[in-house]
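Asker: The following block contains the structure, expressed as structure tokens.
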Amino acid sequence: MAEDSDEEKTEPATPRRLEKAREEGQVPRSRELATLMLLCTGLGGLYMLSGWTGRLLSEVMRMSLDFDAGAAMDTSRMLARLWIQATLALQALAPLLGALAVVALLAPTLLGGWLFSAKSIKVDLKRLDLFKGLGRLFSSQSVAELVKAIAKSVLVGAVAASFIYAHMHELLALAGEPSRGALLHALELVVACCALMLLAFVIVVLIDVPYQLWSHHKKLRMSRDEIKKEHKETEGDPQLKGRIRQQQQAMARKRMMSEIPKANVVVTNPTHFAVALAYRDGEMSAPKVVAKGADHVAARIRELAAEHGVPQLAAPPLARALYRHAELEAEIPAVLYTAVAEVLAWVFQLERHQNGSADRPAPPQDIEVPPELDTALNTESAE
């Protein structure tokens, strides 16, 4: 296949794919790491608890071999002795067995963390497919596991054989030592050999853990088509999102246009921008922007204002400042209070003129706007 084919699973798994795999019980695991932890716990437990375990097991052995003929013929006495021996044996082995049980539960979580997934234990008849089972049996994963098992056995076996060969004279000399001393010496040799075998097993774990991580992420690799599909499922179709956004903008524009008849004045650029302001004395603490727009939207605002008799004032600096720095359906910035107050004063005088109680006022000229809010001035200074 071509290197850039969308069917090739060459892309790393996305966070969503990793999360989904975890929900299905697919996490990296290393049996070698768990085995190493169990072996270390067992060997360390035997070493530290050897005195305690040895005394109790010796007592069990003594009670098993030391009894009289009467006890052998009395069933109740034999059962009582058996109970005592079983209790002592349990006391001797309980600490070690408890530690091994805890490690057996916790060791697998060292790689992949703690996980309980109901999906991984549910009945799936597809797993009973004979042909798929044979395919898994002869898959590259199975071959890799076989090679790993052979290499592990050869490595650990070679370490054990080398130790036995190097201490052959000590092993043969055990036959000439006193029984108690020979037993202790043999145990020391066994512990030393097991420790070396564990060190060799560490090498296996150091190879297996990175391999399991690599293998897990390789299985979860995705093609570019899968990534695109997942993106559409999680983020939504871009075209659909665009249509929704257009509809939302249209609804917001329609709602905005419905507020223009309620405005007191429309401040214009006069052609590029238009901002409709409303102020109700006693209802608002400051004038509010009820509509604003540029170009075609500005033209529509001016048309609606003319249809409903809303006054329009050409004040380019103020229109630019309101359009850039005032939010829709929000109060105007405090720094524009003075400029807007001049406009509203003109509007109120215009209303009195329309009522016949005042002369027609002249539109305010040269309304001052803070230089930092006038985008035209800022553009000229930047140039």
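Asker: For the list (1) at pLDDT below 85; (2) surrounded by 12 or more Cβ atoms within 10 Å (Cβ to Cβ), I need the number of the one condition that THR87 fails.
Answerer: Unmet for THR87, out of (1) at pLDDT below 85; (2) surrounded by 12 or more Cβ atoms within 10 Å (Cβ to Cβ): (1).
Asker: Checking LEU57 against (1) surrounded by 14 or more Cβ atoms within 10 Å (Cβ to Cβ); (2) modelled with pLDDT under 80, only one condition comes out false. Which one?
Answerer: Single failed check for LEU57: (2).
Asker: Being open to solvent by less than 70 Å² (accessible area, probe 1.4 Å) and under 48 Å from the mean Cα position of the chain (by Cα) is the filter here; which residues of segment 335-357 pass it?
Answerer: To start, the set of residues in segment 335-357 that are open to solvent by less than 70 Å² (accessible area, probe 1.4 Å) comprises 336, 339-341, 343-347, 350, 353, 356.
Across segment 335-357, the qualifying residue is only LEU336.
Asker: Do we find that TRP114 is outside any helix (DSSP H, G or I), open to solvent by 50 Å² or more (accessible area, probe 1.4 Å), hydrophobic (A, V, I, L, M, F, W, C) and without any contact (Cβ under 8 Å) to a residue 60 or more places away in the chain in this structure?
Answerer: Details: outside any helix (DSSP H, G or I): yes; open to solvent by 50 Å² or more (accessible area, probe 1.4 Å): yes; hydrophobic (A, V, I, L, M, F, W, C): yes; without any contact (Cβ under 8 Å) to a residue 60 or more places away in the chain: yes.
Judged against the criteria, TRP114 is a match.
Asker: Considering only segment 299-334, state which residues are within 20 Å of MET256 (Cβ to Cβ), open to solvent by 40 Å² or more (accessible area, probe 1.4 Å) and more than 51 Å from the chain's Cα centre (by Cα). Working first, answer last.
Answerer: To start, the set of residues in segment 299-334 that are within 20 Å of MET256 (Cβ to Cβ) comprises 299-313, 318-333.
Imposing the further condition that a residue be open to solvent by 40 Å² or more (accessible area, probe 1.4 Å) reduces the set to 300, 302-303, 306-309, 312, 320, 323-325, 327-329, 331.
Scanning segment 299-334 gives ARG302, GLU303, ALA306, GLU307, HIS308, GLY309, GLN312.
One line per residue, one yes/no per condition, for (1) exposed (fewer than 15 other Cβ atoms within 10 Å of the Cβ); (2) in a loop (DSSP other than H, G, I, E, B); (3) at pLDDT below 85; (4) among the acidic types (Asp, Glu):
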{"site": "PHE201", "(1), (2), (3), (4)": "no, no, no, no"}
{"site": "LEU206", "(1), (2), (3), (4)": "yes, no, no, no"}
{"site": "GLU226", "(1), (2), (3), (4)": "no, no, yes, yes"}
{"site": "MET251", "(1), (2), (3), (4)": "yes, no, yes, no"}
{"site": "PRO261", "(1), (2), (3), (4)": "yes, no, no, no"}
{"site": "ALA276", "(1), (2), (3), (4)": "no, no, no, no"}
{"site": "ALA286", "(1), (2), (3), (4)": "yes, yes, no, no"}
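Asker: Which residues, taken from segment 330-371, are under 16 Å from VAL275 (Cβ atoms) and either part of a helix (DSSP H, G or I) or of a type in the set (Lys, Arg) (or both)?
Answerer: VAL335, LEU336, TYR337, ALA339, VAL340, ALA341, GLU342, VAL343, LEU344, TRP346, VAL347
The values are calculated or read from the model by the stated rules, or taken from the named source; none is laboratory data. Just so it is clear, the structure is predicted and the values come from calculations on it, not from any experiment. Don't worry about glycine lacking a Cβ; one is built from the backbone with ideal geometry, like all the others, and counts go over all protein chains shown. Side chains included, ligands, DNA and RNA excluded: accessible areas come from the protein's heavy atoms. Shrake-Rupley method; radii C 1.70, N 1.55, O 1.52, S 1.80 Å.
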